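S.K.: Okay, handing you the structure first.
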Amino acid sequence: MADISDLEEQLALVDSEMGALEIQMQELLERQQVLQEKKRQLKKKMERMSGGDEGDPIASSKVSAEDWNKNDFSWSQKVDDALKSVFKLQTFRSLQLPAINVTMAGKDIFLIMPTGGGKSLCYELPAVCSTGFTLVICPLISLMEDQLMVLEQLGIPSAMLNFNSTKEHIKWVHDEMLNKSSKLKLLYVTPEKIAKSKVFMSRLEKAYHAGCLARIAVDEVHCCSQWGHDFRPDYKSLGILKRQFPNTPLIGLTATATNNVLEDVKKILCVPKCLMFTASFNRPNLFYEIRQKPSSFEACIEDMVRIINGRYKGKSGIIYCLSQKDTEQVTISLQKLGIAAGCYHANMEATAKSKVHKDWTLNKIKVVVATVAFGMGIDKADVRFVLHQTLSKSMENYYQESGRAGRDDLKADCILYYGFMDIFRQSTMVVMENVGQQKLYEMVAYCQDSRRCRRVQIAQYFDEVWDSTKCNKMCDNCNNATSNEKVDVTNYCADLIKILKQAVQLGEKLTPLKLIEAWNGKGPSKLRVASVSPPDLSRKEMEELIVHLLLEQYLKEDFSFTAYATISYLKEAPRANLLNDKKHVISMRIKSRSNKLGSPTEEEAEKVKHPEEKETRSKRKQTSTADKVTPNKKSKVPEDIPVTLD
């Protein structure tokens, strides 16, 4: 027995040493990130001071967009004529003209431009002005359909090849690809077509040698990198295009990619020396808001209906949901309350998806309730709102999805409903993705931050510096500045660690909800700790503190995988030992107006900033007998919501 005791002691020492090493590794990684950022900034300064590469300025990836922002090229008159006569536009947006000139000159280019900034024009207009056709690689059928609808209205001959294409259509397209007198200007395919269709690649090679392949456009180019978001394995095979067709210019386009992702993509696509033009991330007409998500599904639907029938009455919008089931439930609930809504997700029949898309484009329905399957490149100018029924899985996804609002440059709102349990629901879905957990936590940190300008946070993520005074109160934090207090939460943290340690000793695992129950002295008695008293915090504040500890890596998620589900539990992380050495002070909105252990108050949940909603809120106080929304049956809604039931 003495031998076993010695081994247990040695094992405990090894565990302790490993824990200390994990803390040191984390600190070293954080220091490495700081140094990498410093290195990047120093390189940028050196480039600016040196004025770029010596030799041919056109061959340099450091060439400024201003060098190309001219209208004295041989093709300039043709481009200007097409802009006005074909696209019915009078002027270019930022970076459009430089990008068009580069690709017309036969150079490779990456264009990083915010969603709604007009990326598609940068290959559509050159396609109209060039001999032959432009090959466009898109990740989604909905994106291709949307572009084709617009091109058809403009009278630009275009085609698409996908798994639904008939043999007759495929044959016609293949023939047009080799026809030098063909009027076909744009051909849309998915990356899978490039990766898996030898017949198509053979046809493309013949078109290249016949001089019919004018250029290659890779839309949503960030999908190439597994370190980015929305990684698509078949995008990695697109490097064959520049190897097979070296003289055909390539234009890669995205709204969302960090510098590291872009460097990875350049290697994958075999364009190491391509030019790179980056527009500011900022969309000044978009109002960013994080709303505390109501505790029940019905209350969340009620809040959405209230604002849709208030400030958005008769306007177009999108509601993004986490799952296909969520989209269906939200759609049914909205329809029962008189909202003209349609559902869109990947498992719907292609014809059903196309109908929803077209009906929304033609304003036959006002709201599309969708998963991320409805998205990239959707080109409807008058979208006045994008609501997220739950948080996005990454900042890239959120920025891209919210950016589908206000493409007409008029004011539009981007509202995300942020709920505690949605974090863990989302984490079980991204746990197996490359850097999925890291990206989710970055999104959570954005939602959790109630002090800093939303634009400052977005800019920081995309390696851009932003002055918060330029926000013009177009985000909730700048518009509704609240005073936060520095609060010593050391004892609360210690109590949480005690509860988790006891659970480990008992062989129990605690979900986030069970941890809160035990902290409140509720739930199974064996999970409670006698020395831990219920905290003098509201439910919202308790959740906020747990999320803070998770983001700071004092707590961590532990996943259990079953045949039917992935479950997230919370456990102590190695950094928790640091809580013993010093006081832990964080900035919190302590003593908020929420009920101590209940859901947020009505005023908190709404955080209203629009006069029409303030008016309806006062009406609602006068009509407190209004029924709550129930999605499973016809129900009344508060009297301030003018709806008609079918």
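No value in this document is a laboratory result; all are computed from the given coordinates. Quantities reported herein were computed from a predicted structural model and do not represent experimental measurements. For neighbour counting, all protein chains shown are included, and Cβ atoms are generated from backbone atoms with ideal geometry for every residue, glycine included.
S.K.: If you put +1 on each Lys and Arg Cβ and -1 on each Asp and Glu Cβ, how big is the dipole of the range 345-439 around its Cα centre, in Debye rounded to 20?
M.R.: Numbers: 13 positive and 11 negative charges, 48 e Å.
It works out to roughly 220 debye.
S.K.: Okay, next question. Could you work out the pair-distance distribution P(r) of the range 56-278 from its alpha-carbon pairs, with 10 angstrom bin width and percents rounded to whole numbers?
M.R.: 8, 35, 39, 17, 1
S.K.: Amide H neighbours of Ala217 under 5 Å, at least 5 residues apart or on other chains, H built in the peptide plane: list them.
M.R.: Amide H neighbours of Ala217, under 5 Å, 5+ apart: Leu135, Val136, Ile137, Ile251.
S.K.: Set the Förster distance to 35 Å, then compute FRET efficiency between Ser450 and His169 from the Cβ-Cβ distance, nearest 0.05.
M.R.: Details: r = 53 Å, r/R0 = 1.52.
Approximately 0.05, to the nearest 0.05.
S.K.: Would you mind checking the pairs Lys293/Lys571; Lys313/Lys364; Lys185/Lys273; Lys325/Lys355; Lys325/Lys411 and listing those with alpha carbons more than 21 angstrom apart?
M.R.: Distance filter (> 21 Å) returns Lys293/Lys571; Lys185/Lys273; Lys325/Lys411.
S.K.: Compute the FRET efficiency between Asn434 and Asp67 as 1/(1 + (r/R0)^6), taking r as their Cβ-Cβ distance and R0 = 35 Å, and round to the nearest 0.05. Can you show the working numbers first?
M.R.: Values: r = 37 Å, r/R0 = 1.04.
Efficiency, from the Cβ-Cβ distance: 0.45.
S.K.: Still on this structure, please answer the following. Select from Cys478, Ala459, Val444 the residue farthest towards the positive end of the dipole of the range 444-484; place +1 on Cβ of Lys and Arg, -1 on Cβ of Asp and Glu, and compute about the Cα centre.
M.R.: The Cα lying farthest towards the positive end belongs to Cys478.
S.K.: What spacing in nm lies between the two simple spin-label points modelled at Ser202 and Thr511, each 7 Å away from Cα in the Cβ direction?
M.R.: Label at Ser202, label at Thr511, 5.5 nm between them.
S.K.: Which one of Tyr320, Ile240, Phe277 has its Cα pushed farthest toward the positive end of the charge dipole of the range 219-328, where Lys and Arg give +1 and Asp and Glu give -1 at the Cβ?
M.R.: Phe277
S.K.: Here is a further query. Just from the alpha-carbon atoms, what are the Rg and Dmax of the range 486-588 in angstroms?
M.R.: My reading of the Cα-based Rg and Dmax gives 13.4, 45 Å.
S.K.: Using mean Cβ contacts within 10 Å as the protection proxy, how do 183-194, 135-146, 561-572 order, highest first?
M.R.: Packing proxy ranking, top to bottom: 135-146, 183-194, 561-572.
S.K.: Still on this structure, I have one more. Which order do the peptides 152-162, 412-422, 444-454 come out in when sorted by mean C-beta neighbours inside 10 angstrom, highest first?
M.R.: Details: 152-162: 15.7, 412-422: 21.4, 444-454: 18.3.
Sorting 152-162, 412-422, 444-454 by mean packing, highest first, produces 412-422, 444-454, 152-162.
S.K.: Another question, if that's okay. Whole-Hz Karplus ³J(HN,Hα) for the range 444-454, in order, using 6.51 cos²θ - 1.76 cosθ + 1.60 and θ = phi - 60°, x for Gly and Pro?
M.R.: Coupling constants for the range 444-454: 5, 4, 4, 5, 6, 6, 9, 10, 7, 3, 4 Hz.
S.K.: Also, I was wondering about something else. In terms of modelled amide H atoms, which long-range or inter-chain residues lie less than 5 Å from the amide H of Phe287?
M.R.: Close amide H contacts, sequence-distant or interchain: Ala412, Asp413, Cys414.
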